[in-house]
1. So, counting K/R as plus one and D/E as minus one, what does the shell of residues with Cβ under 12 Å around Asn137 add up to?
2. For Ala88 paired with Thr18, estimate the spin-label separation in nm (one decimal), with each label point 7 Å from Cα along the Cα-to-Cβ line.
3. Extension gain Lys50-Ser34, at 0.36 nm per residue separation less the Cα-Cα distance, in nm?
4. How much net charge surrounds Asp117 when only the other residues with a Cβ under 15 Å from the Cβ of Asp117 are counted, with Lys and Arg +1 and Asp and Glu -1?
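Readers should treat all values here as calculations from the given coordinates under stated rules, not as data from a laboratory. No experiment lies behind these values; they were computed from the predicted model shown. Glycine gets a Cβ as well: all are built from the backbone with ideal geometry, and neighbour counts include every protein chain shown.
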Amino acid sequence: MGLLKLIRDFRAPTDEATAAELRRQLGQLEQNVSDMGDRLAKGAMQRLAKQEDSPARDNHIVLAPGQFQQFDTRAGDISTTLAKPTAADAGTFIVVIDLGGGASNLFLRAASGCTVDETDHVLMLAFASLLFCDGENYWRLI
């Protein structure tokens, strides 16, 4: 029988000792649920840090897991490198946004020793790309 089913079948205790124990247990359940929610929020709803405000075309940027960056391809091709991930980066994301709407090419290059979609570089074909890091390599989700 699931925990929620047990909670739904609650009956108020008649003696004070049982009532005090029940209050303690419900307080612990409340704390456990709160802690689990915090862990889920931190693990599944990561906040990405912006790499740089406005990268110059000749300033090559290296993006690391947990970051996002906007690029403007209206004036020409841009290339950026994805940092070599570590095991601690597993489960994190990188978001890349092309403000130029694909006017020119935006290349995402993998650092030495890792890949992006099992190759050394990919051409970004959409306005935005979401990349997943498995701790060793990168995978484009969109």
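1. On the way: positive: Lys84, Arg140; negative: Asp89, Asp117, Glu118, Asp120, Asp134, Glu136.
Summing Lys/Arg as +1 and Asp/Glu as -1 gives -4.
2. Between Ala88 and Thr18, the simple spin-label model gives 5.1 nm.
3. Numbers: separation 16, 0.36 × 16 = 5.76 nm, distance 2.89 nm.
Computed gain between Lys50 and Ser34 is 2.9 nm.
4. Result for the local shell: -2.
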